[in-house]
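Since the structure comes first, as structure tokens, the remarks are kept for the end.
Just so you know, all these numbers are worked out from the coordinates, no wet-lab data involved. Quick caveat: nothing in here was measured; it's all calculated off a predicted structure. Cβ placement follows ideal geometry from the backbone for every residue including glycine, while neighbour counts extend to all protein chains displayed.
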Amino acid sequence: MAEIEKQGLRAWLMTDTPTSRRHARFAALYAGWLTLKANPMAMVGLAILILLLGMAAFAPLLSPHDPFEQNLIGRLQSMGAEGHILGTDSLGRDLLSRVIYGSRITLYIVALVALIAPIVGLLVGTVAGYTGGIVDAILMRITDIFLAFPRLVLALAFVAALGAGIENAVLAISLTAWPPYARIARAETLTIRNSDYIAAVKLQGAGAFRIITKHIWPLCISSLIVRVTLDMAGVILAAAGLGFLGLGAQPPSPEWGAMISEGRRFILDSWWVATIPGLAIFTVSLGFNLLGDGLRDVLDPKDGDSA
Amino acid sequence: MAMAEKNGQGRRRSPFSSPALRLTLKTIGSILITMLGLAFVTFVIGRVMPIDPVLSIVGEQASKSTYDDAYAALGLDKPIIVQFFIYIWDVLHGDFGVSLLNARPVAEDIKRVFPATLELATLGTIMGVTLGIPLGVIAAVKRGTWIDQLARVVALVGYSMPIFWLGLMGLLVFYGILGWVGGPGRVGIFYVDMVPTVTGMILIDSALDGNWEIFKNALSHIILPASILGYYSMAYISRMTRSFMLEQMSAEYITTARVKGLPERTVIWRHAFKNIRVQLITVIALSYANLLEGSVLTEIIFSWPGIGQYITTALLSADMNAVLGGTIVVGLIFVLLNIFSDLLYRVFDPRAK
């Protein structure tokens, strides 16, 4: 983009007097981006996540070997070995390639949970908050029950009942992750429900469905987004935990948690096999935590503790 | 325990229709409903498990009639809702059923494994509290300095690290390479079952028995898993302490105290810190509850014979009575600790009324 045009765009984005609704929205987004950009920790987090996306997208190009190709003669080669920068695992598979391909599984799980849990929570929370009365009481009681559950144990039980596998792990994690979203959405709905503009929409003849989807959901989104970003680190850790217990992705899939579990058996002799996927998990969830912290300062200044 | 306290309070003030009593009844009601729901969800999950509990009792070679007898003996021929209420009735009588794996009463198994988890989580919480609170206070007081940044990094790393991986790395470094601590398990293999069981917590039992050799050995085994749990607890507690303290430090009474010429130490500890104690206790209770239920992965890494490992093993072998019993106990403690911290808040913080 040319420098002049960029200046013009910048001025357009920085305006105090937006000319249209969309203009105002872009201006607000840009202001948020500037705040976020000023936070170096959040930028590091963002960089990590972009790197992860790149890794997942270009996995076939980036990885030096086929992640499933076994080579029993060259098993448990140490780091820096010929052709295997990060060494090989117990079946002689290249660890670097497996970590790179593993990013796809992690992203897949994170993306699905980030879709399912907030949507279920939003649905339950807004319906409970808007309807009130007995529906509210029942829905919130159910939410409390799921909140009271030891999360990992519930996920474990669920996967054990449905059978191990990625999809079931996603379902199980979502099942344990939705109640906080329902709580947030309900709280937001309760504050919005009695405002004048809702009364105005009601007078125009809008039904409950229209009010909830068009006038309440949009206002709940920003607090949910912050929560999602902060939750993703926990989701990655939970998925890795399930994988580690053998209840997540099944072998030979290069899921990071399952790779740690494989490497556990050789931990004293070949420490890198379990160490490297663990570092990958740590880096990615750190990325989400850093970005989430920064986003919270931008979108929800009242909770920010770094400001 | 929390409930007893609350009850006493309600009675002392005024007999019936007092807000405290109504609150108590409401709380008891919500505990009951939550626990019933918890048990029901677990129960249903247990019934749809793809593993057949009857087969794991009678074996694959059993004849049809043996199978049917065992099926009826487990009560599986009744409707699921009837089965559920039979189960709840038994639980209320202290009977969690019999473990399908070892044919022992589940209640006894839980009594055996729970102290191990309790010991681990308690030690972890003690570490988290003694390190986390000072760290949080200092971070708040020296806000923006390198100490604050360090505290932030420590907490973020804690939030981002997979606990089972940290456990493995700890074992690798401190046990495998340096040899400073004992390996997996609660005590060395020579010392197993050497001290009489009183509390089930081996540190306390060996101390009571005066057997300091076992005490030292047990300490060397527990120190690593407890530190790892303690680290997570510290990350959480220090963050919360910091934000509570920041809230207080910007209040006007702090300025007043400073203007009066009080030394900074008095201002921080006698004025600001005093006001966050109630909030802190609720945070500690929550963190304790999280450690109790969150020690599942740690227990597996360290072969710690606690309730987390018990539930996991039972799940993988479709031992539903054991899973149900374990989950209900963990869930109950979780709920009680939550309610305890909530009540504490209401009782000691006049603003919450």
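Expressed as a rounded percentage, what relative contact order does chain A have, with Cα pairs under 8 Å and six or more residues apart?
This gives 22 percent for chain A.
At a 10 angstrom cut-off on C-beta neighbours, averaged per residue, how do the peptides B:257-263, B:172-178, B:334-340, B:230-236 rank from highest to lowest?
Ranked from most to least packed, the peptides come out as B:230-236, B:334-340, B:172-178, B:257-263.
Please identify the helices of chain B, taking whole runs of DSSP H, that span at least 24 Å along their own axis as judged from the Cα atoms and have a mean Kyte-Doolittle score of 1.6 or higher.
Both cut-offs are met by B:320-348.
Got a sec? How would B:123, A:295, A:171 order by Cβ neighbour count within 10 Å, fewest to most?
If I rank by nearby Cβ atoms, fewest first, I get A:171, B:123, A:295.
By Kyte-Doolittle mean hydropathy of at least 0.0 and Cα axial length of at least 30 Å, which whole DSSP H helices of chain A are selected?
Counting only whole DSSP H runs, the qualifying helices are A:95-131, A:166-193, A:217-244, A:272-299.
For chain A, modelled as a GNM with alpha-carbon contacts under 10 angstrom, which of A:190, A:162, A:13 fluctuates the most?
Of A:190, A:162, A:13, the most mobile in the Gaussian network model is A:13.
Under unit Cβ charges (Lys, Arg +1; Asp, Glu -1), what dipole magnitude, rounded to 20 debye, does the protein assembly as shown have relative to its Cα centre?
2700 debye
Using Cβ contacts closer than 10 Å as the measure, can you line up A:141, A:25 from fewest to most? Present the calculation step by step, with values, prior to reporting the outcome.
Numbers: A:141 14, A:25 11.
Going from sparsest to densest Cβ surroundings: A:25, A:141.
By counting other Cβ atoms within 10 Å of each Cβ, how are A:197, A:30, A:181 ranked from fewest to most?
Values: A:197 9, A:30 16, A:181 25.
Lowest to highest Cβ neighbour count: A:197, A:30, A:181.
Between A:35, A:189, A:88, find the one with the highest GNM mean-square fluctuation for chain A; connect C-alpha pairs within less than 10 Å.
Top of the fluctuation ranking is A:35.
With the dipole of region A:21-85 worked out from charges on the C-beta (+1 for Lys and Arg, -1 for Asp and Glu) around the Cα centre, which of A:63, A:30, A:46 lies farthest toward the positive end?
With unit charges placed on the Cβ atoms, the residue in question is A:30.
Give me the inter-chain shielding for B:290-297: mean count of other chain Cβ atoms within 10 Å, whole number please. Provide the component values of the computation, followed by the final result.
Details: counts 2, 0, 1, 6, 5, 1, 7, 7.
What the average comes to for B:290-297 is 4.
Across the residues of A:156-168, average count of Cβ atoms on other protein chains within 10 Å?
Average neighbour count from other chains, rounded to a whole number: 4.
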